[in-house]
Amino acid sequence: MLPEPETGRADSPLRPRDLAILLLASTDLRPRQRARDQQADLVGMELKRRILQHLAEVDPEPADLETTLIQAVDAIGPPTGPARAVALVVWEEWQTACRSPEWVAQLLGDAMQESTGERRHGRRFAP
């Protein structure tokens with residue numbers, strides 16, 4: 001079971017589908033340049049991509065996000081531990097997005113820059 005949502009989040013103007021689309025467009029789901037085996041990273045990114053795609057397809061109401069994340073984990077199948085951990089990260093990102101419109105704006109800006117081929121250097125605000 002996921003942590004209880006903060007009160008007032010169900011009426012957020014942001015929908016879980018919107019956040020999923022922004023996160024799918026972010027650079028966080030791309031492998032980084034590293035001098036080590038990235039197989040575990042790639043598996044984690046693929047799990048997150050599948051969960052976010054499920055959210056984008058289902059377009060749940062904010063109050064139904066937990067149920068939708070559980071359905072996504074069930075759809076991925078065993079072993080469920082890694083998918084549950086990724087679903088919890090998505091849940092926490094949802095909570096952050098509801099509390100921090102600045103982070104959502106940054107995600108949107110990053111997605112727009114990625115779509116035009118521009119890259120911004122520097123530190124990212126992370127949840």
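Just give me the residues in region 76-89 being of a type in the set (A, V, I, L, M, F, W, C) and free of Cβ contacts under 8 Å to residues at least 24 places away in the same chain, in sequence order. Outline the logic, then answer.
If we filter region 76-89 for residues that are of a type in the set (A, V, I, L, M, F, W, C), which is where we start, we get 76, 83, 85-89.
Across region 76-89, the qualifying residue is only Ala85.
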Residues of region 77-105 that turn out to be in contact with a Leu (Cβ under 7 Å, 6 or more places away or on another chain), over 16 Å from Arg17 (Cβ atoms) and among the hydrophobic types (A, V, I, L, M, F, W, C), as a count: 3
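Within region 92-110, which residues are of a type in the set (Gly, Ala, Ser) and either in contact (Cβ under 8 Å) with a residue 40 or more places away in the chain or surrounded by 14 or more Cβ atoms within 10 Å (Cβ to Cβ) (or both)? Spell out the reasoning first.
Our first condition is that a residue be of a type in the set (Gly, Ala, Ser); within region 92-110, this holds for 97, 100, 105, 109.
Of everything in region 92-110, just one residue is of a type in the set (Gly, Ala, Ser) and either in contact (Cβ under 8 Å) with a residue 40 or more places away in the chain or surrounded by 14 or more Cβ atoms within 10 Å (Cβ to Cβ) (or both), namely Ala97.
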Subset of region 50-91 [open to solvent by less than 80 Å² (accessible area, probe 1.4 Å) and outside any helix (DSSP H, G or I)]: Asp59, Pro60, Gly77
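When you check Ala20 against the structure, is it modelled with pLDDT of 90 or more, under 19 Å from Asp110 (Cα atoms) and in a helix (DSSP H, G or I), yes or no?
Details: modelled with pLDDT of 90 or more: yes; under 19 Å from Asp110 (Cα atoms): yes; in a helix (DSSP H, G or I): yes.
Taking the combined requirement at face value, the residue satisfies it.
The values are calculated or read from the model by the stated rules, or taken from the named source; none is laboratory data. Every value quoted in this text rests on a predicted model; they were computed, and no experiment measured them. In this analysis, Cβ positions are derived from the backbone assuming ideal geometry, glycine residues included, and neighbour counts consider all displayed protein chains. The protein model used for the area step is the full one, side chains on, heavy atoms only, and it has no ligands, DNA or RNA in it. Shrake-Rupley method; radii C 1.70, N 1.55, O 1.52, S 1.80 Å.
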